[in-house]
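> Here it is, the structure in full.
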Amino acid sequence: MECHTPRFTYFWNPIYKEDMSTRLMIWHYQFLLLMRNKQLLISFLILIALAFYAILYGQHFRERQQTIVQGIEEKLAINDSIARKFVLKIDTSSEIRKQNFQYRPMAADVIMRKFVVYKPSEFSALSIGQKDTYPYYHDVNTNNSLHSSVIQEMHNPNKLQAGNFDLSFIIIYLIPLLIIALSYNVISGEQDLRTYTLLRIQIPISKLIIYKLEFQFILVIGLVLFFNIAGFLISGLTIQDDLYNMLVWISINVLYILFWFSICYLIISFNSSSSLNALLLGSIWIILVMVVPSAINNISNPPNEDEMIKSTFRRGRETDVHHELTQQQALDSFYRLKHPYPVPIIKNPGAADIMHAQRELINREANMYAGYVIKRQKNQFNEVLAYGPINPIFITQYAFNQVAATELNSYLMYLDSAESYQTKRRYYIYDLMMNRKDFGIKEYEKFPEFTFQQPTYTFSKFSKDSIYIAGIIVLCLGIGFRQTKKRFL
Amino acid sequence: MNKYWNIIRYEWLLLRRDRAFAILFGFVLVLSLYTIFVGYKKYQYVKQQREQAASKQRKLFLNQGEVNAHMAAHYGYIVVKPSSLLSFVDPGVEPYTGTTIRLEAHQQNDPVFVPASGQSSLIRFGELSFGLLLQVIFPLLIIFSSYRSVINDRENGTLKLLLSQGVSLRTLILGKVLTYTMIYLFFLIISVLIYALLVKMEIGTYAWDQILYRLLFMILIYFLYYFIIASITVFLSAVYNSSSALLVTLLALWFVFSIIMPKATANFGAQYAPLQSKQSFNKSMVEASKTGIDNLPPIEEYKQHFRDSLMKAYHVTDLKDLPFRSSGVLMQADETYRNVIYDHAFGGYKDTIRLQNSIATFSSLLNPFQAIKNLSMAICASDVEHHFLFLEQGEKYRRKLVAELNHQDAYGEHEDVSKDYFHRIPDFSYQSPSIAWSIARRKLELTSIGLWSVILLGLLISGTLFIKKI
């Protein structure tokens, strides 16, 4: 058989037609070998079963959050109808009711008990990320800062510790093992079976490695695409609405699979025994998937406990400093607060006005301490991302979570948006209440609404995040190519 | 006995000459020291944070001045779970449980500040703790260093030579199993000694005996665990022909046992016995107080009955005529009622969690990794049962505190308590349970480790008779 130097025009140049037929022949035999390998076929079946379980589990998780969100929305609808009735009913039958009339916007808000929700995206069924640990609905009524009224869903700590069995877990943990199991002995296996010399006289071994790995790559990509399509269908994703995210999701898969194949190629290129290859690849898997991420995780410290207490427990003793202010001091401090909304100037401040001014001061202080906590969390997150070049597995998980909006940055964006919304809502009410404006159903219907749109994880962001992984792939392929040329002459 | 000793010496000699083992040895040593020191540093950081927070909150409580007793009960008390010294060996579920609770009148609040809820998904890859090293990495290293032990002897003809000299295959395999178990036990003992030294420096003699018992127990169960791993590996090494096929099989087993099964059983448990949502939990308590539960009447009926019986006992027709302030007594009655409702609902929550976890617990009979994982968390006081204990102690303290303040509200000289009054109320102090308490909740896991050890010992003694390949 003639030996050709591989070039970039390999597939398209007619000169290499013969190579193509050799390649197809090798793929054909690889397929036959695969079909005869019962152990491997059983592993495939188990993997398929696990992948389907993972998809269904993810869907179950998402449906559960959706059901809870639906319950909140139903409760909000009931509260809304009660609040509307309250707004429509003008009761000035007694002097005290007449006095309280000006505080009706606040009363309507209390009846409404507004909640904002961090809804699970369709992709969250495929990559749950941290969505199960973050609070996903917040009470944004006027009386409290949303940071002081966090509702943590009920969890089983053991379940959280074990982690989620979702599709991203299958891709990140299991697919590399499949790749290793398929490829660790592509050449050494031939040596073990004493067919190596026979093959060597028929085809350059460097080419044989590439052809065999190509077959395995197509096999794994096909399998993963099958999982992805099944995941998309079961999660109710549609091409019309989610094509862009689907393509990014698939690109992450392809890059990750290429990454592991390039590592396998590098190890195979050193022409070692099957045992040593398996040992090295197994060790690399453990180091990359377990040791590196968990070691980087060790470096990060939990946020400051005192700041968290101050941001969360804003009632009672802790807020006495604001309650002890004189009326004028409280109002002056209230006027000095920064915000982009019309400043209510209270002409004849009543006790309730002062109370709300004090509450605003308390809530702002809670937001300030929460801001410190969030800043620390952001810094910690950036630190973790800075380790990206040595932590490619986490970067892949991060990329999946970006598509699914289940990562810390998405949650913090939602929190930021919810806090701004709550402030906007409060100032809308202050404007009505403290400026003694008319309040009827028209004004009630103009209460600000919460809108939060997750930013799209674009290809450019994905390319930027995965540049190191691409670099590792190129490096491994480059070194591997040189080594195969050197060691398999 | 001499034969075993000779095999251990021979095996150790071979390992010492192996460069790969020397690298592995160094790697294990570095990782062990790294996890111990990083864990210790983290423990100190968390400890300092929690102590500072707790002492600041205590000061605020003590210095609240003259205040209405019931208002003080509303202001409440903030308790912080102290950081456990053993949690840096195995943090267990601590990153996923709240560490701080606001205790106040009328309601039971959830623990807040779940460390994981403010972190990225990196936390889901786990912490490189000493526990992770002992449970997951050490078994892998046992596999890597021992999977060729008998295959090598067969390939280079040493096996035949040894057997011809009168060493039985059983003795040989048992000797090899002992060698690898001892090597990793040696690592464990060294690390535990370093750890014990750090602990001694940190706490002196305080609670030292309890920690010592826990460490000794840890050594014992890990000895059995490593014996199980080494037995499986060496036995299969005697059965298999191809070292690469054996390695792939062992890696697959390790992966299924330590990664797939714990995750799958936990996820399956969550689906099998789903937890109530927070909303429905709260709603169930409201419903229960409206309708009454067990022997309790509905809350309004209960309150009316209590008021009536109070007036009847003191022969008055109005609560104002009572010889004490009725508000404190009525609020305490309300507390007592709500406590029963809460205990009922929270008991249901704990039962569901235990039911979910029972799937993983039962799987430990098949999976020694799951057994050691649960036992390790129990020994290090970082499992869900210890979390429940903290919640129970916090709730007990809340009830005592609120009862005391209600009593003061009812029978105190003035409605406002004096400045010094709060100094009489003792601080919350978490009482760590004994090791017997921790282990008593892990009987099935202990049985699993014991059974695996006995069965494998039996296999090594009798199963070697059936190995024909020499």
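> Would you mention how many residues in region B:102-120 are farther than 14 Å from A:Tyr134 by Cα, facing chain A (nearest Cβ under 8 Å) and modelled with pLDDT of 85 or more?
Result for region B:102-120: 1.
Each row is one residue, and each column tells you yes or no for (1) closer than 24 Å to B:Lys373 by Cα; (2) under 33 Å from the mean Cα position of the chain (by Cα); (3) part of a helix (DSSP H, G or I).
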position: B:Lys41; (1), (2), (3): yes, yes, yes
position: B:Tyr45; (1), (2), (3): no, yes, yes
position: B:Ala72; (1), (2), (3): no, no, yes
position: B:Ser83; (1), (2), (3): yes, yes, no
position: B:Asp90; (1), (2), (3): yes, yes, no
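Yes or no, residue by residue, for (1) assigned to a loop (DSSP other than H, G, I, E, B); (2) closer than 18 Å to A:Met433 by Cα:
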{"site": "A:Asp332", "(1), (2)": "no, yes"}
{"site": "A:Lys338", "(1), (2)": "yes, no"}
{"site": "A:Ile345", "(1), (2)": "yes, yes"}
{"site": "A:Asn348", "(1), (2)": "yes, yes"}
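> Could you grab me the full set of residues in region B:47-58 that are under 20 Å from B:Pro95 (Cα atoms) and either crowded, with 18+ Cβ neighbours inside 10 Å or under 20 Å from the mean Cα position of the chain (by Cα) (or both)?
Filtering region B:47-58 for residues under 20 Å from B:Pro95 (Cα atoms) gives B:47-54.
Result: B:Lys47, B:Gln49, B:Arg50, B:Ala53, B:Ala54.
> Looking at region B:64-76, is at least one residue more than 30 Å from A:Ile374 (Cβ to Cβ) and of a type in the set (Asp, Glu)? First the steps, then the outcome.
First pass over region B:64-76, keeping only residues more than 30 Å from A:Ile374 (Cβ to Cβ): B:65-73.
Imposing the further condition that a residue be of a type in the set (Asp, Glu) reduces the set to B:66.
There is at least one residue in region B:64-76 that is more than 30 Å from A:Ile374 (Cβ to Cβ) and of a type in the set (Asp, Glu).
> Could I ask something else about it? Which members of region B:230-275 meet the condition of being more than 8 Å from every other protein chain (Cβ to nearest Cβ), surrounded by fewer than 22 Cβ atoms within 10 Å (Cβ to Cβ), within 23 Å of the chain's Cα centre (by Cα) and part of a helix (DSSP H, G or I)?
Hits for region B:230-275 are B:Trp254, B:Val256, B:Phe257, B:Met261, B:Phe268, B:Tyr272.
> A further question follows. Which pairs have Cβ atoms under 7 Å, sit 6 or more apart or on different chains, and link a residue in region B:86-101 that is at the interface with chain A (Cβ under 8 Å from one of its Cβ atoms) and hydrophobic (A, V, I, L, M, F, W, C) to one that is part of a loop (DSSP other than H, G, I, E, B) and surrounded by fewer than 24 Cβ atoms within 10 Å (Cβ to Cβ)?
none
> Test A:Thr406 against the criterion of being without any contact (Cβ under 8 Å) to a residue 60 or more places away in the chain, closer than 30 Å to B:Ala116 by Cα and not in a helix (DSSP H, G or I), and give yes or no.
Numbers: without any contact (Cβ under 8 Å) to a residue 60 or more places away in the chain: no; closer than 30 Å to B:Ala116 by Cα: yes; not in a helix (DSSP H, G or I): yes.
Here the answer is no, as A:Thr406 does not meet what is asked.
> Taking the condition under 27 Å from B:Asn374 (Cα atoms), in contact (Cβ under 8 Å) with a residue 24 or more places away in the chain and either surrounded by fewer than 19 Cβ atoms within 10 Å (Cβ to Cβ) or among the hydrophobic types (A, V, I, L, M, F, W, C) (or both), does B:Leu122 pass? Even if it seems obvious, please write down each step before you answer.
Values: under 27 Å from B:Asn374 (Cα atoms): yes; in contact (Cβ under 8 Å) with a residue 24 or more places away in the chain: no; either surrounded by fewer than 19 Cβ atoms within 10 Å (Cβ to Cβ) or among the hydrophobic types (A, V, I, L, M, F, W, C) (or both): yes.
So B:Leu122 fails the test.
> Closer than 30 Å to A:Phe394 by Cα and surrounded by fewer than 23 Cβ atoms within 10 Å (Cβ to Cβ): is that true of A:Ile229 in this structure?
On the way: closer than 30 Å to A:Phe394 by Cα: yes; surrounded by fewer than 23 Cβ atoms within 10 Å (Cβ to Cβ): yes.
In short, yes.
> Identify, please: which residue in region B:279-298 is touching a residue at least 40 places away in the same chain (Cβ under 8 Å) and surrounded by 14 or more Cβ atoms within 10 Å (Cβ to Cβ) and is, among those, nearest to the other protein chains (Cβ to nearest Cβ)?
The initial filter retains those residues of region B:279-298 that are touching a residue at least 40 places away in the same chain (Cβ under 8 Å), namely B:281, B:284-285, B:288-289, B:293-294, B:296.
If we keep only those that are surrounded by 14 or more Cβ atoms within 10 Å (Cβ to Cβ) as well, we get B:281, B:284-285, B:288-289, B:293, B:296.
Values: B:Phe281: 6, B:Ser284: 12, B:Met285: 13, B:Ala288: 17, B:Ser289: 19, B:Ile293: 20, B:Leu296: 24 Å.
This residue is B:Phe281.
> Which one is nearest to A:Asp166 (Cα to Cα), of the residues in region B:121-134 that are at the interface with another protein chain (Cβ under 7 Å from one of its Cβ atoms) and part of a loop (DSSP other than H, G, I, E, B)? Spell out the reasoning first.
We begin by selecting, within region B:121-134, every residue at the interface with another protein chain (Cβ under 7 Å from one of its Cβ atoms); these are B:121-128, B:132.
Subsequent filtering for residues that are part of a loop (DSSP other than H, G, I, E, B) retains B:126-128.
Numbers: B:Gly126: 17, B:Glu127: 20, B:Leu128: 23 Å.
Checked region B:121-134; the qualifying residue nearest to A:Asp166 (Cα to Cα) is B:Gly126.
> Give the residue that is farthest from B:Gly269 (Cα to Cα), with candidates limited to residues of region A:170-185 that are assigned to a helix (DSSP H, G or I) and either at the interface with chain B (Cβ under 7 Å from one of its Cβ atoms) or charged (D, E, K, R) (or both). Steps first, please.
Of the residues in region A:170-185, the ones assigned to a helix (DSSP H, G or I) are A:170-183.
Keeping just the survivors that are either at the interface with chain B (Cβ under 7 Å from one of its Cβ atoms) or charged (D, E, K, R) (or both) gives A:173, A:177, A:181.
Working: A:Tyr173: 21, A:Leu177: 26, A:Ala181: 30 Å.
If we take residues in region A:170-185 being assigned to a helix (DSSP H, G or I) and either at the interface with chain B (Cβ under 7 Å from one of its Cβ atoms) or charged (D, E, K, R) (or both), then A:Ala181 is farthest from B:Gly269 (Cα to Cα).
> Return the residues of region A:291-317 that are modelled with pLDDT under 90, more than 7 Å from chain B (Cβ to nearest Cβ) and in a helix (DSSP H, G or I); say none if nothing qualifies.
Matches in region A:291-317: A:Ile299, A:Glu307, A:Lys310, A:Ser311.
> Given the residues A:Asp416, A:Asp431, which is the only one that is modelled with pLDDT under 90 and charged (D, E, K, R)?
Numbers: A:Asp416 fails: modelled with pLDDT under 90.
Only one candidate passes the filter, namely A:Asp431.
> It is to be established whether one or more residues within region B:423-435 are part of a helix (DSSP H, G or I) and closer than 30 Å to B:Val136 by Cβ.
Quick first cut of region B:423-435, residues part of a helix (DSSP H, G or I) only: B:423-424, B:435.
Applying the additional criterion that residues be closer than 30 Å to B:Val136 by Cβ yields B:435.
Checking region B:423-435: at least one residue is part of a helix (DSSP H, G or I) and closer than 30 Å to B:Val136 by Cβ.
> Since B:Ala73 meets every condition but one in (1) small (Gly, Ala, Ser); (2) closer than 30 Å to A:Met290 by Cβ; (3) crowded, with 19+ Cβ neighbours inside 10 Å, which condition does it not meet?
(2)
Residues checked against (1) at pLDDT below 95; (2) in contact with a Ser or Thr (Cβ under 8 Å, 6 or more places away or on another chain); (3) of a type in the set (S, T, N, Q):
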| residue | (1), (2), (3) |
| --- | --- |
| A:Ile203 | yes, yes, no |
| A:Tyr211 | yes, yes, no |
| A:Thr238 | yes, no, yes |
| A:Asn253 | no, no, yes |
| A:Phe261 | no, yes, no |
| A:Phe270 | yes, no, no |
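> In region B:32-50, how many residues are hydrophobic (A, V, I, L, M, F, W, C) and more than 8 Å from chain A (Cβ to nearest Cβ)? Can you show your working first?
Residues of region B:32-50 that are hydrophobic (A, V, I, L, M, F, W, C), as a first pass: B:33, B:36-38, B:46.
If we keep only those that are more than 8 Å from chain A (Cβ to nearest Cβ) too, we end up with B:33, B:36-37.
Matching residues across region B:32-50 total 3.
> Provide a single number: the residues in region A:143-169 that are more than 7 Å from every other protein chain (Cβ to nearest Cβ) and small (Gly, Ala, Ser).
4
> Then there is this: Every residue in region B:416-443 that is modelled with pLDDT under 90 and touching a strand residue (DSSP E or B) at 6+ places or on another chain (Cβ under 6 Å), please.
Passing the criteria: only B:Asp416.
> Filter region A:232-280 down to the residues that are touching a residue at least 12 places away in the same chain (Cβ under 8 Å), among the small types (Gly, Ala, Ser) and in a helix (DSSP H, G or I), then identify the one that is nearest to A:Thr197 (Cα to Cα).
Ranking the candidates gives A:Ser274 first.
> So in region B:444-470, with the set limited to residues that are of a type in the set (S, T, N, Q) and modelled with pLDDT of 95 or more, which one is surrounded by the most Cβ atoms within 10 Å (Cβ to Cβ)? Talk me through it step by step, then tell me what you get.
Within region B:444-470, the first condition is being of a type in the set (S, T, N, Q), and the residues that meet it are B:447-448, B:453, B:462, B:464.
Going one step further and asking which of them are modelled with pLDDT of 95 or more, we end up with B:447-448, B:453.
Numbers: B:Thr447: 13, B:Ser448: 25, B:Ser453: 17.
The qualifying residue surrounded by the most Cβ atoms within 10 Å (Cβ to Cβ) is B:Ser448.
> Can B:Phe61 be described as within 30 Å of B:Asp416 (Cβ to Cβ), surrounded by 13 or more Cβ atoms within 10 Å (Cβ to Cβ) and within 11 Å of chain A (Cβ to nearest Cβ)? Quick ask: steps written out before the conclusion?
Values: within 30 Å of B:Asp416 (Cβ to Cβ): yes; surrounded by 13 or more Cβ atoms within 10 Å (Cβ to Cβ): yes; within 11 Å of chain A (Cβ to nearest Cβ): yes.
Yes, satisfied.
> Filter region A:148-159 down to residues that are in a loop (DSSP other than H, G, I, E, B) and within 22 Å of the chain's Cα centre (by Cα), then give me how many there are. Give the derivation first.
At the first step, the residues of region A:148-159 found to be in a loop (DSSP other than H, G, I, E, B) are A:148-149, A:151-156.
Now drop any that are not within 22 Å of the chain's Cα centre (by Cα), which leaves A:151-156.
Residues flagged as in a loop (DSSP other than H, G, I, E, B) and within 22 Å of the chain's Cα centre (by Cα) within region A:148-159 amount to 6.
> Kindly list, by first and then second residue, each pair from a residue in region A:126-142 that is within 9 Å of chain B (Cβ to nearest Cβ) and farther than 21 Å from A:Ile55 by Cβ to a residue that is in a loop (DSSP other than H, G, I, E, B) and among the polar types (S, T, N, Q), limited to pairs with Cβ atoms under 7 Å and residues at least 6 apart or on different chains.
Once the first residue is within 9 Å of chain B (Cβ to nearest Cβ) and farther than 21 Å from A:Ile55 by Cβ and sits in region A:126-142, its partners that are in a loop (DSSP other than H, G, I, E, B) and among the polar types (S, T, N, Q) give A:Pro135/A:Gln152.
> I'd like to know if region B:108-123 contains one or more residues that are farther than 30 Å from A:Ala405 by Cβ and of a type outside the set (D, E, K, R).
Applying the first criterion (farther than 30 Å from A:Ala405 by Cβ) to region B:108-123 yields B:108.
From what is left, the residues that are of a type outside the set (D, E, K, R) are B:108.
Within region B:108-123 (the criterion being farther than 30 Å from A:Ala405 by Cβ and of a type outside the set (D, E, K, R)), the answer is yes, since at least one residue qualifies.
> What about A:Lys461, is it among the basic types (Lys, Arg), within 28 Å of A:Ile171 (Cα to Cα), surrounded by 14 or more Cβ atoms within 10 Å (Cβ to Cβ) and in contact (Cβ under 8 Å) with a residue 24 or more places away in the chain?
Working: among the basic types (Lys, Arg): yes; within 28 Å of A:Ile171 (Cα to Cα): yes; surrounded by 14 or more Cβ atoms within 10 Å (Cβ to Cβ): yes; in contact (Cβ under 8 Å) with a residue 24 or more places away in the chain: yes.
In short, yes.
The values are calculated or read from the model by the stated rules, or taken from the named source; none is laboratory data. Only a predicted model underlies this, so the values are computations on that prediction, with no experimental measurement involved. We place every Cβ from the backbone using ideal geometry, glycine too, and count neighbours over all the protein chains shown.
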